[in-house]
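Values in this text are rule-based calculations from the coordinates and carry no lab data. On a predicted model such as this, the values are computed, not experimentally measured, just so you know. A quick note on method: Cβ atoms are made from the backbone with ideal geometry, for glycine too, and the neighbour counts reach across all protein chains shown.
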Amino acid sequence: MGSRTAGAGVIAAALSLALPAAHAADAITDAYARGAIVYERCAACHALQTDRTGPRHCGLIGRRAGSVPGFDYSPAMRNSGLVWTEANLDRFLKAPMDVVPGTAMGYDGIKNDAERHDLIVFLRLAGRSEQCSTTKTAPSLRNQAPGRTPY
Ligand code: HEC
């Protein structure tokens, strides 16, 4: 056993400790990337920072349903009593019109569980991103190019 072998052993031990964490981070990054692609289906009506046909998604997780100031929600959404926890989002995004009957969101939902999971990872992380923290201090979005999808 020379010192080189011992050194390699130490490195191998260090790697085996570091790898699970690295894999977990990779898994989240991958889910986020896949979720961003799923979000393209929402982008016809939604953006992170701006209200469009649907309300903005910055800060969505933890927000009360129907609570973006100035957005013209349906009474069904405003009175749904929901808070957008990840579990409630998962139910809603699977079958919007079943979970909030009468909602103005004319979208059939995402039936694939893995796609919904990735989409919710995307909404959680993107909703806390740098561009979303700018939204809070600059709600007028004067510098936002019209029609740009900000993600
Ligand atoms: C055809 C347009 C359209 C599409 C596509 C669409 N939405 Fe919506 N969305 C709306 C509208 C309109 C509302 C407001 C509904 C209401 O007031 O009943 C809404 C509301 C929501 C809300 C509630 C927000 C709040 O502030 O309470 C969430 C969450 C949401 N949409 C997520 C999504 C996601 C995620 C996708 C993509 C999978 C998506 N939507 C696709 C139009 C759309």
A correct Karplus calculation of ³J(HN,Hα) over the range 25-34, with 6.51 cos²θ - 1.76 cosθ + 1.60, θ = phi - 60°, whole Hz and x for Gly and Pro, returns 5, 4, 4, 5, 4, 5, 5, 4, 5, 5
In debye to the nearest 20, the charge dipole size for the range 3-137, taken about the Cα centre with +1 at each Lys and Arg Cβ and -1 at each Asp and Glu Cβ, equals 280 debye
The answer for VAL83, listing residues at least 5 apart or on another chain whose modeled amide H is closer than 5 Å to its amide H, is ALA65
Under Karplus coefficients 6.51, -1.76 and 1.60, residue-wise ³J(HN,Hα) of the range 55-61 in Hz, glycine/proline x: x, 4, 9, 4, x, 4, 5
So what are the ³J(HN,Hα) numbers for the range 112-118, from phi and the Karplus equation (6.51, -1.76, 1.60; θ = phi - 60°), rounded to whole Hz, Gly and Pro as x? 7, 4, 5, 5, 5, 4, 5
Please give the length that would be gained between TYR107 and VAL83 if that part of the chain were fully extended, namely 0.36 nm times their separation in residues minus their C-alpha to C-alpha distance (nm, one decimal). 6.7 nm
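Let me have the relative contact order for the range 3-137, percent, based on Cα pairs under 8 Å that are six or more residues apart. Intermediate values should be presented prior to the final figure.
Values: 154 pairs, mean separation 38.1, N = 135.
This gives 28 percent for the range 3-137.
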